[in-house]
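Just so it is clear, none of the values below were taken in a lab; they were calculated from the coordinates. All values reported here derive from a predicted model rather than from experimental measurement. In this analysis, Cβ positions are derived from the backbone assuming ideal geometry, glycine residues included, and neighbour counts consider all displayed protein chains.
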Amino acid sequence: MTPRVAFVIPYLRSRGGWQTAALGAIRALAHFVEPVLVVARADLESARELLPGFETRILPEVQPVSAGVWPVARTLAAASIGLRRLPPLRVDLVHALEAFPAGAVARMLARREGVPFGLTAHGTYAVLWKQWPLLASAYARMLREAAFVCPISHGTLARMQREFGSVLRAVPCEVVIEGTDITERVSREEAEAHRWPHVPSLISVGNLKPRKGYHLSLQAFARVQRSLPQARYQIVGGGLGGGYHEQLLALIRRHDIRGVEFVGSVGAQDLASYYRSSSAFALLSQEHRFAFEGFGLVFLEAGGYGLPVVGSRTGGIPDAVRDGETGFLLSAEDVEGSAEAILRLLVDRDLSQRMGREGRALAESLTWTRYATQQAEVYQRVLTMQSGGAST
């Protein structure tokens with residue numbers, strides 16, 4: 001009999017990491033389980049539009065946009081009240097698609113249903129709570145009761161172990177690497193036919209924030225231009241006009257860097273055009289206190305277009321980049337080494353195309369179907385243990 005799984009989904013109404021992960025996971029897992037979507041009231045229309053045909057239930061809140069004691073307290077209080085009014089779901093398992101507080105909402109729902117719960121842990125939100133003792137304690141209590149914890153990368157698991165290691169030793173943890181649908185949107189033929197641009201072109205994709213490391217990639221690009229003055233650098237992502245953007249503009253003026261364009265946020269079709277017109281991809285992300293790259297999906301997207309990549313050896317990025325095969329991994333602060341790697345990819349066509357082909361192959365292997373198969377196996381183990389425990 002197909003198990004019914006309630007998915008507690010964070011912040012579905014805004015395009016970004018949470019939405020991408022939820023859509024990919026649920027659509028793929030629907031081949032293995034019967035999903036029941038549990039969303040915040042503000043996400044209902046998005047759920048109906050993006051995930052039509054699935055049974056959907058509403059709570060007042062599931063996940064706050066901002067972190068902190070009061071936002072979390074308000075979310076959990078509202079969810080608790082909403083659960084009292086929610087009819088029984090008759091599910092076999094509850095899965096939160098974020099660690100906390102969505103995981104705590106899942107725990108409350110699972111207790112009411114009398115079933116186990118588990119969670120997926122995405123990067124920053126898997127460890128952020130350590131800075132607030134009250135929330136750290138609540139998060140630890142929730143983790144201890146989880147039937148499974150599935151970080152989206154080995155880097156995320158390592159960071160969770162660093163911050164909450166004593167708790168996790170007693171919790172079943174298994175890394176289930178996120179999937180990508182880039183190879184469904186971009187054919188292998190298109191990736192293999194990727195044209196070598198007349199102008200050496202570097203691209204980065206991601207919102208303008210310090211942990212994305214643009215202050216480092218710009219310094220690296222300044223070094224690249226000493227040998228390749230005609231090179232250009234396009235940065236695609238939101239955050240134009242903010243404080244960090246102003247810092248980057250000042251850095252460009254100070255180093256007299258030319259050929260840099262801040263594109264801003266773009267739609268899917270325009271983003272595809274930017275990838276197609278680029279020679280290589282780079283993102284030198286950093287760990288910034290508790291903030292870090294949980295996985296590095298954007299590296300797989302670049303690989304899907306046949307682009308070689310340069311990334312930092314931090315967070316979950318090493319699960320998305322094969323050093324020396326799909327591109328190069330360096331220390332986040334190694335500006336000189338990053339510049340050398342970028343320059344090699346911009347001038348060595350054979351190397352660039354070989355690494356681009358390997359990047360495409362990696363993207364083809366990390367599909368949502370592969371993710372769902374592994375995640376469904378986690379469910380099956382939990383449910384088997386549950387039924388075995390109930391029968392003894």
The alpha-carbon pair-distance distribution computed for region 1-145, with 10 angstrom bins and whole-percent values, is 12, 47, 35, 6, 0
List, largest first, the extents of the alpha carbons of region 182-365 along their principal axes, each in whole Å.
-> 42, 37, 31
Hydrodynamic radius by Kirkwood for region 146-267, inverse mean 1/r across distinct Cα pairs, in Å, is 17.9
The chain: Rg/Rh from Cα coordinates, Kirkwood Rh?
-> 1.00
Gained length - residue 323 relative to residue 184, 0.36 nm times residue gap less alpha-carbon distance | 47.6 nm
Can you list which of the chymotrypsin sites (Phe, Trp or Tyr not before Pro) found in region 25-123 are DSSP loop residues with at most 16 other C-beta atoms within 10 Å?
-> 54
extent check for region 60-196: Cα max minus min per principal axis, descending, whole Å, gives 57, 37, 28
Two-decimal Rg/Rh of region 317-387 from alpha-carbon positions, Kirkwood Rh?
-> 1.24
Intensity falloff of region 1-79 expressed as log10 I(q)/I(0), Debye formula with alpha-carbon point scatterers, at q = 0.13, 0.22, 0.26 Å⁻¹ = -0.39, -1.00, -1.26
